[in-house]
Amino acid sequence: MADIEVPVFIVGGSLVGLSTALLLGYHGVPSLTVEYHRGTAIHPRAAQTSQRTMEILRQVGLEEIVRRKSEEQFVQDGGVLAVETLVGGPIAHYIADLNQGVRDVSPTVRVFLSQDALEPQLRKRAEELGAELRFATEMVSFEQDTHGVSAVIRERDSGKTQTVRAQYMVAADGAHSRVRERLGIRMLGHGTFAHCITIYFRAHLAPFIEGHKWAVVYALNRQLRGFFRFEKPFEKTFLAINTIGDPENPVTDVSTGLTEQRSLELVRAALGTDSIPIAIENVMRWEAAADTAEVFQNGRVFLAGDAVHVMPPNGGFGGNVGVQDAHNLAWKLAFVLKGFAGPELLSTYGPERRPAGAFTVEQAYSRYVLRTAPNMSRDGLQPVAPDLNIEMGYIYHSGAVIAEDAPEDPNDRRVHENPRESKACPGTRAPHVWLQRRGEQVSTLDLFGRNFSLLAGPEGNAWTEAARDRATPLGIELDVHRIGENGLTDPSGGFPAAYGITAAGAVLVRPDGFVAWRAKTGDGASPEQIGSALATVLCRAG
Ligand SMILES: Cc1cc2nc3c(=O)[nH]c(=O)nc-3n(C[C@H](O)[C@H](O)[C@H](O)COP(=O)(O)OP(=O)(O)OC[C@H]3O[C@@H](n4cnc5c(N)ncnc54)[C@H](O)[C@@H]3O)c2cc1C
């Protein structure tokens with residue numbers, strides 16, 4: 001018998017491992033996470049947090065604290081722009097205001113909050129929800145069989161080892177994932193194209209930044225190409241550098257042989273002045289790469305985050321996609337472990353998340369090439385899609401969705417679209433519509449969470465009655481809402497149109513807020529219809 005038995009064992013307790021532990025806890029599933037480092041992130045790294053990630057954080061009760069921390073840390077709605085040198089001012093604007101033109105699609109907003117500030121919040125909430133997190137602890141080996149995964153973990157300080165037995169393992173062990181390597185899963189894509197650095201430094205930069213809505217500022221000149229990210233009160237910042245020298249023929253290895261003096265010179269070259277005192281605090285080395293794993297699952301082992309998709313930071317997508325992996329996987333693990341779904345539901349994780357991951361990798365790569373690397377070929381470069389499509393317009397095609405008119409050929413399937421156009425089509429994120437309940441504003445998204453939800457139009461009582469009949473025989477709880485019933489009102493009257501249904505239609509939404517099935521009208525409303533849709537998407541048919 002193993003020293004520790006737990007339903008889910010998570011390797012890696014950074015952004016994605018912590019998110020997985022938190023979301024499993026939210027679904028009532030115990031987990032054990034081991035993290036090599038002694039605590040949560042010490043470097044800022046990810047900061048740009050998409051509306052979709054914020055929606056997930058809202059679901060688990062973290063939106064408010066994250067928004068508050070973000071206000072303390074960053075100028076709100078900061079922009080993304082380029083300068084030759086900071087003192088020289090802007091030469092290009094990529095995003096003028098982080099939330100311009102996107103506030104209508106979500107009950108929440110995009111924020112900047114750095115990883116070292118977000119992770120303690122994820123950790124705290126995960127622990128509140130019962131997750132066990134062990135820091136300074138390493139997973140040293142694992143084996144899987146048809147019933148589960150056995151692993152050996154080691155405490156770094158004492159050297160003490162213990163065995164773990166879990167039904168499933170999630171590898172959130174980062175870009176250099178040893179789990180991925182051990183399983184022989186290949187990364188496919190563009191490979192590594194620069195050995196980059198991030199220089200953390202102190203300097204009094206307020207005179208240049210204050211009064212501007214600048215969050216990410218690319219520095220593009222003949223000495224270096226990279227970006228700054230500015231936190232209030234502009235005394236401490238970082239400069240990430242991708243390449244140095246002639247932009248048409250650059251040196252792509254910035255990290256080898258780097259001295260403190262050279263770091264200082266590079267910071268000065270990006271600032272455009274020697275007159276500001278600078279204190280270098282730290283230099284982190286990382287690789288710019290754009291690759292996606294060929295598969296996201298091997299037996300009872302699931303991989304998430306940078307372990308399965310690595311991308312340059314341009315666009316601020318990497319961490320967000322990882323959180324979405326965790327969100328997709330957590331409810332599926334919970335439903336299978338609780339016996340609500342057939343184990344085949346877990347096989348939909350890769351087919352849903354891999355296309356979303358691969359698309360995001362290409363989009364980050366395109367932004368890297370177009371913004372930072374004039375030397376790199378534009379042949380075959382994926383055209384830049386709107387950030388909003390990447391963040392919340394990804395579309396799932398799998399057995400956990402009952403498609404409407406899907407093309408037979410997988411190559412013809414759309415991977416993304418403008419979320420305003422999705423209209424609750426199965427496989428897309430259920431749209432946000434403001435509703436009212438007992439005088440309070442609630443989003444349709446606030447109706448989703450631990451269970452499947454059936455949302456019916458104001459005349460959709462045939463569906464809501466049929467749904468109430470169906471929940472018990474399947475042994476799962478179904479949250480049933482008819483707009484206009486139980487004090488839930490739709491002041492704008494926009495719900496049916498936003499969900500692509502008539503007033504008598506209904507939509508079945510998964511716990512992750514993605515649409516599983518839709519009935520545009522009230523035709524054929526019956527307990528059997530709903531039971532059959534649920535049984536199909538839960539892989540319980542037959
Ligand atoms: C400069 C920079 C800026 C960025 N900006 C953004 C941004 O604005 N927005 C965004 O979304 N993303 C951004 N990213 C990307 C983001 O930081 C990553 O995508 C994110 O950290 C991935 O999280 P992860 O948990 O998958 O992997 P990691 O953060 O790499 O964590 C993996 C963890 O696993 C642990 N581990 C590995 N093996 C073991 C083992 N055997 N046992 C125990 N523990 C193990 C490691 O110690 C590590 O802590 C940025 C990255 C960089 C470098």
Residue that is open to solvent by 10 Å² or more (accessible area, probe 1.4 Å), within 14 Å of the chain's Cα centre (by Cα), touching a residue at least 40 places away in the same chain (Cβ under 8 Å) and closer than 15 Å to Met169 by Cβ, where the choices are Val16, Val6: Val16
Mind listing whichever residues of the range 32-56 are open to solvent by less than 20 Å² (accessible area, probe 1.4 Å) and either without any contact (Cβ under 8 Å) to a residue 12 or more places away in the chain or assigned to a strand (DSSP E or B) (or both)? Leu32, Thr33, Val34, Thr49
Among (1) surrounded by 17 or more Cβ atoms within 10 Å (Cβ to Cβ); (2) in contact with a strand residue (DSSP E or B) (Cβ under 7 Å, 6 or more places away or on another chain); (3) farther than 22 Å from Gly399 by Cα, the one test that Ser453 misses: (3)
Of everything in the range 206-249 that's under 20 Å from Glu265 (Cα atoms) and among the β-branched types (Val, Ile, Thr), which residue is nearest to the ligand (Cβ to nearest atom)? Ile241
Within the range 404-454, restricting to residues that are part of a loop (DSSP other than H, G, I, E, B) and aliphatic (A, V, I, L, M), the one that is nearest to Gly500 (Cα to Cα) is Ala424
Would it be correct to say that Ile10 is among the β-branched types (Val, Ile, Thr), touching a strand residue (DSSP E or B) at 6+ places or on another chain (Cβ under 9 Å) and within 11 Å of the ligand (Cβ to nearest atom)? yes
Output for the range 301-326, where each listed residue is in a helix (DSSP H, G or I) and over 27 Å from Tyr94 (Cβ atoms): Ala307, Ala326
So, in the range 258-287, exactly how many residues are part of a loop (DSSP other than H, G, I, E, B), of a type outside the set (A, V, I, L, M) and either within 15 Å of the ligand (Cβ to nearest atom) or in contact with a helix residue (DSSP H, G or I) (Cβ under 8 Å, 6 or more places away or on another chain) (or both)? 3
Specify the residue that is farthest from the ligand (Cβ to nearest atom); the eligible residues are those in the range 187-205 that are part of a strand (DSSP E or B) and of a type in the set (A, V, I, L, M). Leu188
Of everything in the range 305-324, what is near the ligand (Cβ under 6 Å from one of its atoms) and open to solvent by 10 Å² or more (accessible area, probe 1.4 Å)? Give them in sequence order. Asp306, Pro313, Gly316, Gly318, Gly319, Asn320
All-but-one check, Val83 against (1) within 12 Å of the ligand (Cβ to nearest atom); (2) surrounded by 19 or more Cβ atoms within 10 Å (Cβ to Cβ), failing number (1)
Residue check: is Ile501 open to solvent by less than 30 Å² (accessible area, probe 1.4 Å), modelled with pLDDT of 90 or more and within 19 Å of Glu404 (Cα to Cα)? yes
Determine, yes or no, whether Ala341 is under 20 Å from Phe514 (Cα atoms) and touching a residue at least 12 places away in the same chain (Cβ under 8 Å). yes
Residues that are within 22 Å of Val310 (Cβ to Cβ) and more than 10 Å from the ligand (Cβ to nearest atom): list the strands (runs of 3 or more DSSP E) wholly contained in the range 95-185 that include at least 2 such residues. 161-171
Which residue out of Pro419, Pro407 is touching a Lys or Arg at 6+ places or on another chain (Cβ under 7 Å) and crowded, with 24+ Cβ neighbours inside 10 Å? Pro419
Within the bounds of the range 385-406, is there any residue that is among the hydrophobic types (A, V, I, L, M, F, W, C), touching a residue at least 40 places away in the same chain (Cβ under 8 Å) and out of contact with any strand residue (DSSP E or B) (no Cβ under 9 Å at 6 or more places or on another chain)? yes
Those residues that are under 23 Å from Val323 (Cβ atoms), touching a strand residue (DSSP E or B) at 6+ places or on another chain (Cβ under 9 Å) and exposed (fewer than 15 other Cβ atoms within 10 Å of the Cβ), I need them from the range 128-175; list them, please. Gly130
Determine whether Ser70 is assigned to a helix (DSSP H, G or I), open to solvent by less than 60 Å² (accessible area, probe 1.4 Å), closer than 20 Å to Lys236 by Cα and of a type outside the set (Asp, Glu). yes
Lone qualifier among Leu478, Leu435 - being within 17 Å of Ser532 (Cα to Cα), open to solvent by less than 30 Å² (accessible area, probe 1.4 Å) and touching a residue at least 40 places away in the same chain (Cβ under 8 Å): Leu478
Hey, can you tell me all the residues within the range 444-483 that are within 24 Å of Glu55 (Cα to Cα), out of contact with any Leu (no Cβ under 7 Å at 6 or more places or on another chain) and small (Gly, Ala, Ser)? Gly449, Ala456, Gly457
The residue from Ala96, Ala82, Ala131 that alone is within 28 Å of Gly39 (Cβ to Cβ) and in contact (Cβ under 8 Å) with a residue 12 or more places away in the chain is Ala131
Among the residues of the range 14-59, write down those that are of a type in the set (D, E, K, R), within 7 Å of the ligand (Cβ to nearest atom) and on the phi < 0 side of the Ramachandran plot. Glu35
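The values are calculated or read from the model by the stated rules, or taken from the named source; none is laboratory data. Here the structure is a predicted model, which means the values were calculated and not measured. All Cβ positions, even for glycine, are placed from backbone atoms using ideal geometry, and neighbour counts span all protein chains on display. We work out accessible area using only protein heavy atoms, side chains counted, and drop any ligands, DNA or RNA first. Shrake-Rupley method; radii C 1.70, N 1.55, O 1.52, S 1.80 Å.
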